[in-house]
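Here is the structure we will look at.
The values are calculated or read from the model by the stated rules, or taken from the named source; none is laboratory data. Quick caveat, the model's predicted, so the values are computed rather than measured. When we count neighbours, we look across all protein chains shown, and the Cβ atoms used for this are built from the backbone with ideal geometry, even at glycine. These area figures cover heavy atoms from the full protein model, side chains too; ligands, DNA and RNA do not enter into them. Shrake-Rupley method; radii C 1.70, N 1.55, O 1.52, S 1.80 Å.
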Amino acid sequence: MALWDLANSDWVITMGSNMAENHPIAFRFLVEAKRRGATLVHVDPRYTRTGANCDIHAPIRSGSDIAFLGGMIHYILEGDHWFRDFALAYTNIAHIIEDAYADPEQGDGVFSGFDPQQGDYSEESWQYKGKIVPSPIAEHRVQGEQKGAQSESMAEGPPPQDPTLQHPNCVYQIMRRHYARYTPEMVEQVTGCPRETFLSICELVAQNSGRDRTGAFAYAVGWTHHTYGVQIIRAATIVQSLLGNVGRPGGGIMALRGHTSIQGSTDIPTLYNMLPTYLPQPNAFHDHATLDRYIASETPATGWWHNFPKYIVSLLKAWYGENATAANEWGYQHIPKLTGDVSQLPMTLAMSNGVVKGQFFIGQNPVVGAVNTALVEKGLARLEWMVVRDIAMTETANFWQKGNRIQRGEARPEEIGTEVFFFPAALAAEKGGTVTNTSRLVQWHDAVCEPPGSSRSDLWFIYHLGRRLKQLYAGSTAPRDRAIQALTWDYPMMGDKQEPDAEAVLQEINGYTVADRKLVPNYQALKDDGSTACGGWMYSGVFPKEGQNQARSRRPDKPGGPGSHLGWAFAWPSNRRTLYNRASADPEGRPWSERKKMIWWDEGQGKWTGLDVPDFEPEKRPDYRPDWSKNPHGMEALGGADPFIMEPDGQSMLFVPSGLKDGPLPTYYEPLESPVRNPFYRQQANPTAKIWEQPGNELHGIGDPRFPYVLTTFRLTELHCGGVMSRIAPHTAELQPEAFVELPPELARELGIEHLGWTTLSTLRGEVEMRAMVTERLTPFEINGRRVYQIGVPWVYGWEGYARGDVANVLLAITGDANTSIHTTKALTCNLRAGRRAGTRSGPDAG
Amino acid sequence: MAKLRRGMAGRGARFLKDWSLPRQLAGESPMSTAARSTTSENLRPRLEQADRVGTSICPFCAVGCSQLVYAKNGKPIHIEGDPRSPVNQGTLCPKGAGTLGVLLSPQRINKVLYRAPHATEWEERPLDWAMERVAQLTKQARDETFVERLPDGKVVNHTIGIGSLGGATLDNEENYLIKKLFNGGLGMVTIENQARI
Amino acid sequence: MPVSARAEGEAALAALDRALAQKPKRDGHAFAEMTEHLCTMRDLLIGHGRERGGPPPLLERLNSVISTALAGHFPLGSTPWSEVEHARGVLQRLIEEAD
């Protein structure tokens, strides 16, 4: 959904996010929704300005989200509050799962298929009965081999279903059993949220969802930074799919992401596991040895992803140009293959083990922003060389001079052999290019002023580094150097600084026909025969013809207009603002209600039309049904009332047969570090969580009396993430000048801590000192009959800039979400005491 | 002396007449004429000096607020929210409103800094020298760590000896070329950014 | 091969044997230790090669062992144990050839 669509919601639950403080401008749409009569809810351990602006604040202990959301699912199913016409038609609620499926309720917290030796699951028993269901998400496939060829079963007929919902292994019955114990009493016991508050929220969403009313969730890293982060979001997906709040105005789940182009850097990924726009990075241990094998294994039989071969061949053609031919697999062997997980956390550990010789840091400051930052510094000291590109000095760039290990006397600069380069970088107003916002809006920014001195754009840096490397490799005859020789690298340069033309790069991302270099109008024009080149198929249409950069388009709707603002910039894919908006119409193609209309079938014109670009084949009739006798593939296998076109049968997955590492349904586990035992199961934590215990990265046991407090980290309105850009800005730095720990008065009294007095926080990973901010915004929780204190610290400080303080992430261990390897920062345990830490240095920042 | 006093009294009277506060106290609207004074009449908007204006996107979070950037002689002089944007409708949060302070911060570094192995201080180096040195080091590290095949013969054509971190603050075009060069050209697989965290 | 590089190789082999004996479901210390020794060995070979001005022999095969070690250290899905066992054989031969 578009951010502005939140104003159309009848309720919004902000959970795992402090939206009013961290995404204040997006919060305007919640304020507008409230003005129009919506009810706002904030579920969060702290009572912040978000809670203050909401109608209901529900406090929960950090990390207990799945108990809360599971309780909502229980309420919706047992009270029969779900939107039956929507969910029966558009979700897999009636699908029948394999007989061998066993639920954690039977397995004491573990699903069927678990291999305790390997610590992971086999998905066989999670499949639709008699089918093998491919996962549509490339990120899922990197950890488990795709079933492309086997997914032929999906083209042989629809998955077995029981529309009466009586079959004991239909998804509806499985979910009812799975969530049977997620009662309001249990929710209160696990999360600490009073059951009356919890029930008032359940009633709110149940009564305000359906044909006429919709609602949305908004979340941020308070949901993702857990070992079960993906499953928290999944739980919200189940709530929304049951209530019919997907693909409709004011309905959805809004991810509030943190950086200006964090969505863009996921789509056009500087990520290890994907090629541009969600194509999987080849894996040495998967069936990827040749392009044919890779395509066979990665192309699902049914659904939109059946077009995969067109996208990968067009990408290879964009990268290797005339050196990509049918005879050499379009250059496929130039693409490196993975052998292991090299995401950021393993990268950090591998660095500390000496694997990495050279490292680039391009606008990222892991010595502040990553977890267990003392271990990060240890890795930096083992590098032979490193490059930092940023606008001001960062804690990463000068770790060898001022780092934690230097401060503690554990290392001296003379002992650190890392050769360090600091390149000054240009900012948005000093360079042209596109960034993609959190609702997929690709917006161009102009170069208005000059970057100062030797500052250059990152485009300049990478382009000129590439030119130099191509020169260095020009004479080589070694086969291993053919990739760099074959790489297309011709972009026009502008001005005396020889700045490459970002529009030329955007045109390559958009794609073109090879013969005449004419830009393609959209991704439907891409082919798998080498006649088209395209750097990122989902962005096709951003530059549909010469001189028409849609990301520069600045034509918002007039007041009273449809409000989809199709003339403002470009939203991938195809400029549509709401994904899966076919679901905004009923199976017959009529809007569910006048109040909530978005797109609909126009019988006269024989096509879909409405207020947004339809996310559906434009002329596919609502009553189209696949002819299974013809073994239909691709989109032919999806009916006219199957809105979720990226899924193999067009149905939203309440129960996920393939792709998730930790189970087909969200189930409750405690955070890896927790003061209490899991009240649901003997299985304490996610059995597939990413844990890398090694010296310097130890974890606290359950209820370890040395670390009795629950700790969460958070951000501030005035200071941004790793902090470089905001700690050097005089105004924002002055507003939040120094690190602090926020704690409740009851705990302050117990520990003899004064408001604004010094405190020391410690874990097995390290120790930091901060001043105390004693507030009633945090209250003690009663968990399982026991008092549990929760405290919080902002993680945005370091020793550079105007606003300074100890690096909070020193306290955190390197552990990761089972599916994404995202680090876990929101629920851990720690100790807290009055007074300063040992070895405190003197100096202005130490106060 | 009397003349001087009369002169002062005259100036005082003019000042009192010009001063906006008494007029506001007397009931004139502070939102319009009562705010006017000789000083305010002589104030000129900073924007008048701009020789260039362009559209930018706020460099902080992912909400994607539009900004209007005004520049003079290649330097920014003013930044405000773009009222046309359906995302922010002219508004900016404290960070976004402080963007000019970031661009002009005295803490920005404008020169290439270099720290030799085991050195205790930074030194300045020319951009061209540093670019060439980094290109040479990249080639050396790649050549020394490149793997064409695993022990059992599987082709991987990769190196895990060089890594890259960062991208969520960059432009799509920049990320595209980073992935293209590092992954598609050099065979680096360890490429990550803030989207993972 | 420098003597110290051989010692690193043997230490890596010992750690690898521990990993193969335990087959830990997650990163055990054995893999971290093995990687440490393999990389120190690699860097010694590289240093040796840089002094002689030519590509050091055995380096490419050692790098392929490190890439496979990564698959054990940070597996994507299940650990490919047969690959790891294969890499063990290569590492042993590398050490023997160095004699």
A:S122 and C:L20 label points (each 7 Å along its Cα→Cβ direction) are spaced in nm at 2.5
Taking the reciprocal of mean 1/r across every pair of different Cα atoms in the stretch A:690-846, the Kirkwood radius in Å is 16.4
Straight-line reach check, C:K23, cutoff 18 Å on alpha carbons, 8 or more apart in-chain or any other chain, hits among lysines -> A:K690
Charge dipole of the protein assembly as shown built from unit charges on the beta carbon (Lys, Arg +1; Asp, Glu -1), centred at mean Cα; most positive-end Cα among A:M186, A:Q407, A:P116 is A:Q407
Any aspartates and glutamates whose Cα falls less than 13 Å from that of B:K179, other than same-chain ones fewer than 8 residues away, would be A:D267, A:D458, B:D171, B:E192
From the Cα centre of the stretch A:178-226 to that of the stretch A:46-116, the distance in Å is 9
In cubic angstrom per residue, the convex hull of the stretch B:83-197 built on its Cα atoms measures 201
Length-normalised contact order of chain A, Cα under 8 Å, at least 6 apart, in percent, tallies to 16
When the charge dipole of the stretch C:3-97 is computed with +1 on Lys and Arg Cβ and -1 on Asp and Glu Cβ about the Cα centre, the Cα farthest towards its positive end, among C:W81, C:L20, C:A5, belongs to C:W81
Taking a probe of 1.4 Å and leaving out DNA, RNA and ligands, chain B shows per residue an accessible area in Å² of 44
So for the stretch B:146-197, using the alpha carbon gyration tensor with a ≥ b ≥ c as root eigenvalues (a/c under 1.5 gives rounded; past that, a/b versus b/c decides prolate or oblate), I'd call it prolate
Cα gyration tensor of the stretch A:1-68 diagonalised, 5x eigenvalues square-rooted, in angstrom largest first, produces semi-axes 20, 12, 11
Share of accessible surface on carbon and sulfur in chain A, whole %, 1.4 Å probe and ligands ignored, is 51
Taking alpha-carbon centroids only, the stretch A:696-748 lies from the stretch C:50-82 a number of Å equal to 39
Computed about the Cα centre, the charge dipole of chain B from +1 Lys/Arg and -1 Asp/Glu charges at the Cβ has a magnitude in debye, to the nearest 20, of 1440
With a Förster distance of 30 angstrom and the Cβ-Cβ distance between A:I702 and A:L756, calculated FRET efficiency to the nearest 0.05 equals 0.35
Here the net charge surrounding A:F285, from other residues whose Cβ is less than 11 Å away from its Cβ (Lys, Arg +1; Asp, Glu -1), is -2
Per the Kirkwood formula over distinct C-alpha pairs, the hydrodynamic radius of the stretch C:3-97 in angstrom is 13.3
Restricting to lysines and to Cα separations under 17 Å from A:K497, and discarding same-chain partners fewer than 8 apart, the set is A:K431, B:K75, B:K111
XL table A:K357/A:K402; A:K558/A:K826; A:K310/A:K620; A:K129/A:K661; A:K558/B:K95; A:K518/B:K180; Cα-Cα > 31 Å flagged, in table order, is A:K558/A:K826
Once A:A296 and A:D108 are pulled to full extension, the length gained, defined as 0.36 nm per residue separation minus their Cα-Cα distance, is 63.9 nm
Between the modelled labels at A:E152 and B:A26 (7 Å from Cα along Cα→Cβ) the distance in nm is 9.5
If N is the residue count of the stretch A:538-695, its Cα Rg over 2.2 N^0.38 Å rounds to 1.45
Rounded to one decimal in Å, the inverse mean reciprocal Cα-Cα distance for the protein assembly as shown, i.e. its Kirkwood radius, is 30.7
With +1 on the Cβ of every Lys and Arg and -1 on the Cβ of every Asp and Glu, the dipole magnitude of the stretch B:2-42 about its Cα centre, in debye rounded to the nearest 20, is 380
Given the candidates A:L519, A:Q485, A:G258, the one whose Cα lies deepest towards the positive end of the charge dipole of chain A, counting +1 at each Lys or Arg C-beta and -1 at each Asp or Glu C-beta, is A:G258
Computed over the Cα atoms of the stretch A:647-773, the Rg and Dmax in Å are 20.2, 60
If every Lys and Arg gets +1 and every Asp and Glu gets -1 at its Cβ, then about the Cα centre the protein assembly as shown yields a dipole, in debye to the nearest 20, of 3740
